[in-house]
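Taking it in order: structure first as structure tokens, then the write-up.
Bear in mind these aren't lab numbers, they're just calculated from the coordinates by the rules spelled out. Because the structure is a prediction, the values reported are computed rather than measured. All Cβ positions, even for glycine, are placed from backbone atoms using ideal geometry, and neighbour counts span all protein chains on display.
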Amino acid sequence: MNDQAQRLREIINNLKQNNSETIMDQGKINTMNEKDARVITITSGKGGVGKSNFTINLGLALRKLGFSVAILDADLGLANIDVIIGLIPKYSLAHVIRKEKTIKEVMTEGPQGIKIISGGSGLRELVNLTEEQLNHLIENLKVIGKETDFILIDTGAGISHSVLSFVNATDEVILVTTPEPTAITDAYAMIKNIVTEDAEKRIRLLINRVENNQEGLDIYNKLNTAAQRFLNITLEQLGYLYDDTVVSKSVKSQKPFILNYPNSLVSQGINSIASRIINEQITEVFEVSGFKRFINKFFHGQRKSI
């Protein structure tokens, strides 16, 4: 594992805590103890598959269901969450590392009160943090975990070290692909890299821009069959999103489609996926991990938690 991955996991180890008890109340999860945000990394093997658009609209769907959401734009050099929603963040994690701003000060408020955190050059600076800077960043990051229900991490595309650092540090991964042959091939490459690091990783597949359900099912079956045969794992089928013209219209207007076109097929698909995420059963087989666990794994890699 590269130095960046180890440093990121070091943060996660320091924030480790027990998961909060949860109860279901009219379809919503209410935490009984201190919050420990549920962290989901959203990634793709290829660029241009709609990953960032999916992330922001999923965040808004979760927000509509009553949950607080923060999005970390971790696409180094090509961050575009802010562009999709028409925002221009003034600060990033780099300002927190340099003690110029607190984590709350670098957050930008997006639609419906969701929080956007720009990684900027701050993510690159994680490689060379001093112990003092590391502790300072940990204390700031704790704030997010304590005050947020969901943290969605939008990574870059492909299998670069920076992307895999976030993917490997998170127990929950959503892999976005499309029916394009190149996107499918690159998605499999991503799966292979994830499994090489952690064969127990929970990988859920989101097929974007399908023409119908059968096309989505065919793509899932193709990737899952290959994963079972050659990697000895089973992929989870998260769902499909239709190829809908409202998506491009919303991107041009810089307004998320779930707000602009709430009754569209693609918006209905996002709402369905959000409901599935919050209503899934927490079992002994899969324990929803919190932000502290994420920080731990991101900075420590294969080393033991401290």
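Computed from the C-beta positions of ALA199 and HIS161, the FRET efficiency with R₀ = 22 Å rounds to 0.65.
Rounded if a/c is under 1.5, else prolate if a/b beats b/c, else oblate: with a ≥ b ≥ c from the C-alpha gyration tensor eigenvalues square-rooted, which is region 102-173? Oblate shape, in that a/c is at least 1.5 and b/c is the bigger or equal ratio.
What is the ratio of the Cα radius of gyration of region 117-274 to 2.2 N^0.38 Å, with N the residue count, to two decimals? Each step should come with its number before you reach the end.
Working: Rg = 17.9 Å, N = 158, 2.2 N^0.38 = 15.1 Å.
Its radius of gyration relative to the 2.2 N^0.38 Å reference: 1.19.
Computed FRET efficiency, Cβ-Cβ of LYS249 and THR182, R0 25 Å: what is it to the nearest 0.05? Provide the component values of the computation, followed by the final result.
Details: r = 25 Å, r/R0 = 1.01.
The formula returns an efficiency of 0.50 here.
Please give the contour-minus-distance gain from LEU231 to LYS192: 0.36 nm per residue of separation, less the Cα-Cα distance, rounded to one decimal in nm. Please list the in-between numbers first.
On the way: separation 39, 0.36 × 39 = 14.04 nm, distance 0.71 nm.
Computed gain between LEU231 and LYS192 is 13.3 nm.
Remark: spin-label model distance GLU100-ARG124 equals 1.5 nm, labels positioned 7 Å along the Cα→Cβ axis. Between SER272 and LEU217, the modelled labels are 1.2 nm apart [label points 7 Å from Cα along Cα→Cβ].
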